[in-house]
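This report concerns only the one structure given below.
The values are calculated or read from the model by the stated rules, or taken from the named source; none is laboratory data. These figures come from a predicted structure and were not determined experimentally. When we count neighbours, we look across all protein chains shown, and the Cβ atoms used for this are built from the backbone with ideal geometry, even at glycine.
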Amino acid sequence: TTPSYGWVRERMLADGRWRIAPEAFVERLALHKGPEVGLLLVPRRESAWSNSIRFAGSGDESVVVLHPDDASLRGILAGDWVALTTEHGSLVATAGIDETLRPGVVSVTHGHPGSLTGTLTSSRVDVDLLTAMPRASGLPVRVDKLGM
């Protein structure tokens, strides 16, 4: 049997899991429409350069990282210049290929000089109702190879 104590008992389900999600969150999940068509942007973290830029120099160029299948469909090779575009803005960076990304996912380092992902978001549209934060992950994006 699963032990239960105090307030936990009233939130515990028959199989031992807890019911602790805020109601507003549960209601928001019900509105989820499932995966969006096309590519989705997810943030990428590279903590080594962001807190050590003074010592390491400016760091590498910003990179838009794609799964090999997504890059191939668009005729994009590692090192090509690409435009990453959302309904709110765009940025230009070089392409990178990473087979560990899921197909349909594009990743850009958060806060990298020269390609601030904030230019892809809006403070008026797609703002999270619970946190009042702009949507910064799972953004529908388009990636186009540039002739640079």
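Does region 119-141 contain at least one residue that is part of a loop (DSSP other than H, G, I, E, B), within 15 Å of the chain's Cα centre (by Cα) and β-branched (V, I, T)?
Checked region 119-141: at least one residue is part of a loop (DSSP other than H, G, I, E, B), within 15 Å of the chain's Cα centre (by Cα) and β-branched (V, I, T).
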* Starting from residues that are exposed (fewer than 14 other Cβ atoms within 10 Å of the Cβ) and among the small types (G, A, S), keep the ones in region 61-89 and report whichever is nearest to P43 (Cα to Cα). => G79
* Out of the residues in region 111-135 that are modelled with pLDDT under 80 and polar (S, T, N, Q), which is nearest to V92 (Cα to Cα)? -> S115
